[in-house]
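Right, one structure below, let's go through it.
The values are calculated or read from the model by the stated rules, or taken from the named source; none is laboratory data. What you see is a predicted model; the values in this text were computed from it and never measured. Don't worry about glycine lacking a Cβ; one is built from the backbone with ideal geometry, like all the others, and counts go over all protein chains shown.
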């Protein structure tokens, strides 16, 4: 399953509700996945992480 190993961010369902003849019709449901990349952590492990977590870890590494 596509899940970030740092923040546990996974896929989400999103859709549009169109009004059709007085009733709402839920159409165009899409599953949106996080942007996962293979990254190496500071301890040497390779993990699947979302890009926001990769940016966060690189900023904290530069600050130290």
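Side notes on the structure shown:
- Cross-chain or 6+ apart pairs with Cβ under 6 Å, the stretch 42-63 first and in contact (Cβ under 8 Å) with a residue 60 or more places away in the chain, then surrounded by 14 or more Cβ atoms within 10 Å (Cβ to Cβ) and outside any helix (DSSP H, G or I): none
- Wholly within the stretch 11-64, strands (runs of 3 or more DSSP E) carrying at least 1 residues that are in contact with a helix residue (DSSP H, G or I) (Cβ under 8 Å, 6 or more places away or on another chain) and within 19 Å of residue 1 (Cβ to Cβ): 36-40, 46-50
- Take the conditions (1) in contact with a strand residue (DSSP E or B) (Cβ under 8 Å, 6 or more places away or on another chain); (2) exposed (fewer than 10 other Cβ atoms within 10 Å of the Cβ); residue 8 misses just one of them, which is (1).
- The stretch 39-57, residues that are more than 15 Å from the chain's Cα centre (by Cα) and surrounded by 12 or more Cβ atoms within 10 Å (Cβ to Cβ): 40, 41, 57
- Residue match in the stretch 11-25 (condition: at pLDDT 90 or above, out of contact with any strand residue (DSSP E or B) (no Cβ under 6 Å at 6 or more places or on another chain) and surrounded by 10 or more Cβ atoms within 10 Å (Cβ to Cβ)): no
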